[in-house]
Ligand SMILES: [Zn+2]
Ligand SMILES: [Zn+2]
């Protein structure tokens, strides 16, 4: 899957998209098991 953009957490090139919140995330901030970002994996709601 091709992702264009930067990780919302660290600003590095993103390699995944969270299937829950749609955030662009890099490997470090992506939970491959669940296919979601770390914030969603931890049950935290994204705060803007
Ligand atoms: Zn990141
Ligand atoms: Zn998420």
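At-a-glance table
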{"read-out": "Residues located in the stretch 1-31, provided they are free of Cβ contacts under 8 Å to residues at least 12 places away in the same chain and more than 10 Å from ligand 2 (Cβ to nearest atom)", "value": "2, 4, 11"}
{"read-out": "Qualifying positions in the stretch 20-45 - in contact with a strand residue (DSSP E or B) (Cβ under 6 Å, 6 or more places away or on another chain), more than 12 Å from ligand 1 (Cβ to nearest atom) and not in a helix (DSSP H, G or I)", "value": "20"}
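All of the numbers you see were taken from the coordinates with simple rules; none came from a lab. Note that the structure is predicted; figures quoted are calculated from it, not measured. Every residue, glycine among them, receives a Cβ derived from its backbone with ideal geometry; neighbour counts consider all protein chains shown.
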